[in-house]
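S.K.: One structure follows; several queries about it will come next.
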Amino acid sequence: MSNKRKPPTLQQKKDEVNKKALIWASSVTGVLILFVIIVLVVSKL
């Protein structure tokens, strides 16, 4: 049992990076949408 397999840990790290990338992308798009909505509301006032 001393031989530990390394690929699963690498896969987990890739999954963590993918999750962080998804969170970053979604937060950036959300901020952009909010910014566009605010600009539209301000321009209509």
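S.K.: If we scan region 20-34, do we find a residue that is at pLDDT 95 or above, of a type outside the set (Ser, Thr, Tyr), more than 15 Å from the chain's Cα centre (by Cα) and surrounded by 10 or more Cβ atoms within 10 Å (Cβ to Cβ)?
M.R.: Checked against the condition, which is being at pLDDT 95 or above, of a type outside the set (Ser, Thr, Tyr), more than 15 Å from the chain's Cα centre (by Cα) and surrounded by 10 or more Cβ atoms within 10 Å (Cβ to Cβ), region 20-34 yields at least one hit.
S.K.: Looking only at region 1-19, filter to residues that are among the charged types (D, E, K, R) and assigned to a helix (DSSP H, G or I); which one of those is modelled with the highest pLDDT?
M.R.: Looking at residues that are among the charged types (D, E, K, R) and assigned to a helix (DSSP H, G or I), I get Lys19.
The values are calculated or read from the model by the stated rules, or taken from the named source; none is laboratory data. Since the structure is predicted, the reported quantities are computational estimates derived from the model, not experimental observations. Note: ideal-geometry Cβ built from the backbone for every residue, glycine included; neighbour counts use all protein chains shown.
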